[in-house]
Each structure stands twice: as structure tokens, then as C-alpha cells.
Amino acid sequence: MDKAPTKENEKTLYSRPQPAGRGAAALSPEPVPNWCTLSRSDQVEIHSQGLPIASGRIDMLALDGSLLWLQQDEGKGRALFLHSDGLRVYRRPAPRNA
């Protein structure tokens, strides 16, 4: 029987090893330590101290990777995130076309 998500299992969701096999790597977001490698319109999740704090689409990204503006999911508006705040960004896998 599946358990409902809790704070405890949410914070470890992305650190768990993924099952081997075709497409396994596409199941989990990819960590992006160098924000310069992100692109406008990438779908990302922002984490602070191991917990997700925001998710959405990158709207603007500084060329030096020092900050990004995120158009947040669920109509939460736009938010600014600074690399110097020690945040981690995870790029969501692109949807596959069947």
C-alpha cells in the first residue's frame, strides 16, 4: 500500500537512487550547481536546506548565473532567487513526445 507524501519523505525524494533501466534518469530532476548552464524557460525546482521552496519556469537569468527570476507554478507569481543564498536548483526533465 502506498503512503501519502509527508514532509519526511518529501525532503529525501530527490536524494534516493532511481531504479536502473530505460528512462530511469528522466524520472528525477537533475541538480544544476552552475546556474550559467540554465536556460530561459527551463522548468526547475528551487531547494533550500534540502527542502523544495519553489518550482516553475525560469523567466530571466543573469548571464553570470548570480540570480534568476522564476515564474512560479500554480499562479504564485514571479520570484527572485540569488545563487549567493546557497540555494540548489534542480532542472526538471523535459516531457517526452510519444
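None of the figures in this text is laboratory data; all of them are computed from the coordinates on show. This structure is a prediction, so every number in the text was calculated from the model and none was measured. Using ideal geometry, Cβ is built from the backbone for each residue, glycine included, and neighbour counts are taken over all protein chains shown.
The residues neighbouring VAL32, those whose beta-carbon lies less than 9 Å from its own, together hold a net charge of 0 under the Lys/Arg +1, Asp/Glu -1 convention. Each Cα pair under 8 Å and six or more residues apart adds its sequence gap; the mean of these over the residue count of the stretch 29-91 is a relative contact order of 38 percent.
Would you mind classifying the stretch 38-95 by shape? Square roots of the alpha carbon gyration tensor eigenvalues, ordered a ≥ b ≥ c; an a/c under 1.5 is rounded, otherwise it is prolate if a/b is larger than b/c and oblate if not. Verdict is rounded for the stretch 38-95.
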